[in-house]
Structures are given as structure tokens and as C-alpha cells.
Amino acid sequence: MQFGPDLDWLKRVMPRGLYGRAVLILLLPVFTLVLVVTVMFLQRHFEDVTRQMTRSVAREIGFVAQSLDGGPTRDAAQQEATYVARNLDLQLDVPGEPVSDSRVFYDVSGRIVADELRDQLPGLRAVELGDLDRVRLGMLGTDGSYTLSFKRERVSASNPHQLLVLLGFTAALMTVIAGLFLRNQLRPIKRLAQAADSYGKGRLIPYRPGGAVEIRSAGAAFLDMRNRLERLAEQRGMMLTGISHDLRTPLTRLQLSLSMLSPEIEPDEGEIAAMRRDVEEMSAMVNAFLAYARDVAQDGEAETVALLPFVQRIIEDAGRAGHRIALHAPGVSPSDRATFRPDMLRRAIENLIGNAVRYGDETRIELGLTRRALRIAVEDDGPGIPEDRHEEALRPFSRLDPGRSRNRGEGAGLGLAIAADAARHLGGQLRLTRSADLGGLRAEIAFPR
């Protein structure tokens, strides 16, 4: 059941594009304003002002008519009326040429002039307004008919259309200027739509946010979303490549060990233990890959957390695992709080701690807090990472020194990648530098407070 009028026809005639609708929104108030001003101008200027001017002239014409009808003789009355008319800038002709009612169709004020003169002058018989520069009146007096004429500008404003023309021209000019400005404002939206449509079809085109603040924010959000999707696609490919590459070695060893087994010979305990280690290694790798995939796809709510107790709990948990970690937090009190996703930040710090204790003997966490930002750095005294390989170290499944990894503990090359992704999800970034105090790697997570 439908309530109210059916407006489907309005949807069909309305423009479908954003530019067309914006132009309509722009032009409708402009033309409405022009229409209202025009109506008010016609009512106030053409009617009220014209009536006042016409009444003033009508009183002068009435005075001439009284002079013509009130003299002692016809000649004396005519001479007196001619003198009065001349002083009032009126032309009196007795009897004068015949006058008939006439008015051009576009003479808006002529109707008001004629009606007002008929109301004010009882002896008026005809009003001739065919000439826009002059008005001729056919009058009837006691001694017969006569004519009176005067300039049209005395009863109506000269060139009254000028205001309307100026108003229309100004409205049209401002509409063109506003249309050009609106087109420039809509161009960034079109470029954003083209970039999104192209990306939906599998094509990447260059895009840079521009335009108003809201459009820039939408463009930056689109770029961030596109970069995340590209990073997820890259990480998925790298994950498959990493799984196939890292599992190949233990699988090969396991196949060789199984091929050497014989039903007639009792298997060696050392060989069985080696195969068990290969299985455990593959299980650890698969669990690491799944953990990374979970961290990439995770979604949680941000919470306001007391920062110092949060970091101290992470250090206490690491201490139960046998790791000694020092905390350096100058200027940070237990009451200082920050808003972030605790589970994500905890996993990032734990991964950085895992890397630090794997390659170093001494680990330290430095905590810094400003009015707008939060900074957490994990430092170690290990060999560190060369500066030209920092970007490579942040990529998932990247192990810069596999031989060293074998000596110091197994890893899938995901610790720094998980921390970097967590920093990006928190709105910040992970920076790798050399520790000035310990000499090893310094991994610092910084994000808005």
C-alpha cells in the first residue's frame, strides 16, 4: 500500500549523474530567487511606484481641466488652461487629434497607468499608450473634447527592464562560475570512482587524493584499502611460496628416512627421533603460518589501557619463559593511559621480544609517551640487521640468515612482519635502526595515542 503522492515520475526525469544533480541543486535556488525578486520588483516598482506617479500627474491634469471648464469665456478659459498646462509640462490641444485606447502587449505598467487615470479623472475618455515615450489622453469638458499629452517617464520609470536584464545576466554569470567551480570540485570524485572501478576490474591506475578535505579523506581511505588488499594478496602468495619452500627440506629428509626403513631391520632410535623432530618442525612451521594469517585478518575493538602495567605484564610473562628483559620508561607513570587494541599490540611486542632474545643476550624495552603519540622500542645486543636490508626484513617469510636461524632457533621469518602489520593496523609504523646503547637491533613501534 502506498501512502502519499506517487513521485516515481520525478525520479525518472531527475538527472542520474552527480554533476547533473549538483547543477540542479545549484540552479533551483538561483532561479527561485530570481523569480521571487522579479515578482517583488514587478509588484513594488511597476504597481506601487507607477500608481503614485500616475496619481501625481492626474492631479495636475485635473487642475488643467478645472481651468479649462471654469473660465468666464471659452477663449479666456483656454488661454488660462494653456498657460497652466505649459507650466506643468503638459501639452493641451483643443480639440486636438482623435485619441483611441491603445497599448503594446509588453507594456506591463501601461495597464496600471490607464486604470489609475480613469479612476482619478472623470472626464477621461481614452488613453493612448502606443508610443512608449509619450502618453495622449482624450478628455471631454463642458465645451467639448480636447487632448492632453505628456512624457511617459512622468508616470512610470524609464527603462524598467534594465533591472530585470541585469538580474538575469548576473544570475546567468554566477551560474556559469559556480558550475565551473562545481566541476572542479567533482573532478576528484570522478577520479576516485574511476580508480575504484578500475581496481574492481583488476587494473591498477595511478591515483592521488585531491579536492576538498572530505574527498581527500575518502581517497586516502581508498588507497589504504587498496594497499592492504594488495599486501594481503602478496602475503598470500608469499605464504604459499614459504610453505612450499620451508616444508620441502623436512619432507625430503622424512622421505629419505622412511625409504631407508626395512621391515626386517629394527629401526634405530636416533632415526626415529630425527623423523619426530622433522614432524615437529613442520608442525611448528604450519602453526606459524596459521598464526600469521590470523594476525593479518584479526579485527578487534580499541580500548583505553593503562600503558605501564600493560607493558610490565608482557615483561613478566616473558620472564616466566626464562627471558630477562629490562624496562626503561622515563616520564611514564602508572596512571598514563592510551587507546589501542591490546591483543594486537601484545602480539607485536612479543614477536619483537622473540626476535631479540633469539639473536641477543640482553634485551631492553624503552617506553615513551607524548601528548599525541606512543612509542615502544625493543632493543638487543645481537648482530643487528644491515640498513640496506631493513625493508627486506619487514617482509613476511623473510629470513636474512638461515644458517644463523638454525643455530639459534627455528623461525619462519614472521616476527618483524607481524609487528609491522600490527603497527599499520594501529595507525603507525615499525622502524628499524641500530641500538645506540646495546649495539644490536632497535625495533620501534610508534602510533597515535
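Conditions tested, residue by residue: (1) modelled with pLDDT of 90 or more; (2) assigned to a loop (DSSP other than H, G, I, E, B); (3) under 60 Å from the mean Cα position of the chain (by Cα).
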| site | (1), (2), (3) |
| --- | --- |
| Ala77 | no, no, no |
| Pro95 | no, yes, no |
| Val99 | no, yes, no |
| Glu128 | yes, no, no |
| Leu132 | no, yes, yes |
| Leu137 | yes, no, no |
| Asn159 | no, yes, yes |
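Yes or no: Leu430 in contact with a Leu (Cβ under 8 Å, 6 or more places away or on another chain), assigned by the TED database to the domain that holds Ala338, modelled with pLDDT of 85 or more and within 17 Å of Arg231 (Cβ to Cβ)?
On the way: in contact with a Leu (Cβ under 8 Å, 6 or more places away or on another chain): yes; assigned by the TED database to the domain that holds Ala338: yes; modelled with pLDDT of 85 or more: yes; within 17 Å of Arg231 (Cβ to Cβ): yes.
Answer is yes for this residue.
Test Gly382 against the stated conditions and say whether it is free of Cβ contacts under 8 Å to residues at least 60 places away in the same chain, touching a helix residue (DSSP H, G or I) at 6+ places or on another chain (Cβ under 6 Å) and either at negative phi or not in a helix (DSSP H, G or I) (or both).
Numbers: free of Cβ contacts under 8 Å to residues at least 60 places away in the same chain: yes; touching a helix residue (DSSP H, G or I) at 6+ places or on another chain (Cβ under 6 Å): yes; either at negative phi or not in a helix (DSSP H, G or I) (or both): yes.
Yes; evaluated as a whole, the condition is true for this residue.
Considering only segment 50-75, state which residues are in a helix (DSSP H, G or I) and surrounded by fewer than 16 Cβ atoms within 10 Å (Cβ to Cβ).
Taking segment 50-75 and keeping what is in a helix (DSSP H, G or I), we get 50-69, 74-75.
Selection gives Gln52, Arg55, Ser56, Arg59, Gly62, Phe63, Gln66, Asp69, Arg74, Asp75.
When the residues of segment 276-309 are narrowed to those that are in a helix (DSSP H, G or I) and in contact with a Lys or Arg (Cβ under 8 Å, 6 or more places away or on another chain), which ends up modelled with the lowest pLDDT?
Residues of segment 276-309 that are in a helix (DSSP H, G or I), as a first pass: 276-297, 307-309.
Filter once more, so that each one left must be in contact with a Lys or Arg (Cβ under 8 Å, 6 or more places away or on another chain): 278, 295, 307.
Working: Asp278: 78, Asp295: 59, Leu307: 90.
Of everything passing the filter in segment 276-309, Asp295 is modelled with the lowest pLDDT.
Please determine whether any residue of segment 104-118 is open to solvent by 80 Å² or more (accessible area, probe 1.4 Å), in a helix (DSSP H, G or I), in the same structural domain as Phe150 (by the TED database) and not aromatic (Phe, Trp, Tyr).
Yes: one or more hits.
Quick one: in segment 306-324, of everything that is touching a residue at least 12 places away in the same chain (Cβ under 8 Å) and small (Gly, Ala, Ser), which residue is farthest from Gly368 (Cα to Cα)?
In this case the residue turns out to be Ala318.
Here is a list: Asp89, Asp143, Asp101. Which entry is touching a helix residue (DSSP H, G or I) at 6+ places or on another chain (Cβ under 8 Å), at positive phi and in the same structural domain as Val39 (by the TED database)?
On the way: Asp143 fails: at positive phi; Asp101 fails: at positive phi.
Only one candidate passes the filter, namely Asp89.
What pairs come out if I take residues in segment 48-63 that are in the same structural domain as Val84 (by the TED database) and pair them with residues that are part of a helix (DSSP H, G or I) and open to solvent by less than 50 Å² (accessible area, probe 1.4 Å) whose C-beta lies under 6 Å away, six or more apart or interchain?
Thr50/Ile112; Arg51/Glu116; Thr54/Val113; Thr54/Glu116; Ala58/Leu117
Among the residues of segment 194-216, count how many are surrounded by 12 or more Cβ atoms within 10 Å (Cβ to Cβ) and either of a type in the set (Ser, Thr, Tyr) or farther than 20 Å from Asn184 by Cα (or both).
Our first condition is that a residue be surrounded by 12 or more Cβ atoms within 10 Å (Cβ to Cβ); within segment 194-216, this holds for 194-196, 198-199, 207, 209-211, 215-216.
Now drop any that are not either of a type in the set (Ser, Thr, Tyr) or farther than 20 Å from Asn184 by Cα (or both), which leaves 198-199, 207.
Residues that pass the stated criteria total 3.
Restricting segment 339-353 to residues that are open to solvent by 30 Å² or more (accessible area, probe 1.4 Å) and not basic (Lys, Arg), which is nearest to Leu432 (Cα to Cα)?
Asn351
Given the conditions (1) in contact with a Lys or Arg (Cβ under 8 Å, 6 or more places away or on another chain); (2) exposed (fewer than 15 other Cβ atoms within 10 Å of the Cβ); (3) within 15 Å of Ser156 (Cβ to Cβ), report the number of the one that Asp89 does not fulfil.
Going through (1) in contact with a Lys or Arg (Cβ under 8 Å, 6 or more places away or on another chain); (2) exposed (fewer than 15 other Cβ atoms within 10 Å of the Cβ); (3) within 15 Å of Ser156 (Cβ to Cβ) one by one, Asp89 breaks only (3).
The values are calculated or read from the model by the stated rules, or taken from the named source; none is laboratory data. Bear in mind that the values here come from a model prediction, so they are computed numbers and not experimental data. No Cβ is skipped: glycine too gets one built from the backbone with ideal geometry, and neighbour counts run over all protein chains shown. In case anyone asks, the SASA skips ligands and DNA or RNA and just uses the protein heavy atoms, side chains included. Shrake-Rupley method; radii C 1.70, N 1.55, O 1.52, S 1.80 Å.
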